[in-house]
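One structure is given here, and the rest of the page talks about it.
Throughout, read-outs are computed from the coordinates displayed, never taken from laboratory work. As the structure is a prediction and not an experimental result, all values here were calculated from the model. All Cβ positions, even for glycine, are placed from backbone atoms using ideal geometry, and neighbour counts span all protein chains on display.
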């Protein structure tokens with residue numbers, strides 16, 4: 001039997017307010033702490049669709065309710081960290097969301113130190129690199145349906 005290649009799927013909810021996006025400052029996660037990142041994002045769980053994962057992450061991380069029909073696909077990203085470990089082989093689904101119920105707030109302060117709106121043309125530094133590549137393309141209006149990151 002052939003060993004199969006594995007990908008870890010994740011959902012990203014990019015909350016938009018005009019030309020601003022909501023970012024969180026990561027802390028205490030062990031991954032890219034001290035970097036700004038999409039305010040609501042996380043792994044897709046077993047038996048969960050990527051749309052359900054996006055809605056769940058928005059509720060868990062920001063305390064808001066997002067309807068699946070309000071998620072607009074931005075891009076799918078196939079990325080690698082080139083370690084050979086399955087955990088570092090990813091497929092990320094980025095969604096834009098301009099409508100939700102509730103006021104976004106930090107629900108998990110042990111994982112995020114701050115939550116702030118930023119204009120797409122004035123992103124903070126540092127931003128998680130693969131996410132920055134999506135935000136910069138989004139700001140330029142040239143985001144293709146599928147992108148890659150980390151490959152030669």
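Structure notes:
- Among the residues making up segment 116-146, those that are under 14 Å from the mean Cα position of the chain (by Cα), in contact (Cβ under 8 Å) with a residue 60 or more places away in the chain and not in a loop (DSSP other than H, G, I, E, B) are 127, 131, 134, 135, 138.
- Enumeration of residues in segment 1-42 that are exposed (fewer than 13 other Cβ atoms within 10 Å of the Cβ) and without any contact (Cβ under 8 Å) to a residue 40 or more places away in the chain: 1, 2, 3, 4, 18, 30, 31
- Filtered residues of segment 43-69 (kept if more than 23 Å from residue 114 (Cβ to Cβ) and either crowded, with 18+ Cβ neighbours inside 10 Å or in contact with a helix residue (DSSP H, G or I) (Cβ under 6 Å, 6 or more places away or on another chain) (or both)): 44, 50, 51, 53, 55, 68
- Among the residues of segment 124-144, the one identified as surrounded by fewer than 16 Cβ atoms within 10 Å (Cβ to Cβ) and under 13 Å from residue 92 (Cβ atoms) is 129.
- Taking the numbered list (1) touching a strand residue (DSSP E or B) at 6+ places or on another chain (Cβ under 7 Å); (2) surrounded by fewer than 19 Cβ atoms within 10 Å (Cβ to Cβ); (3) more than 23 Å from residue 143 (Cβ to Cβ) in turn, residue 83 passes all entries but (1).
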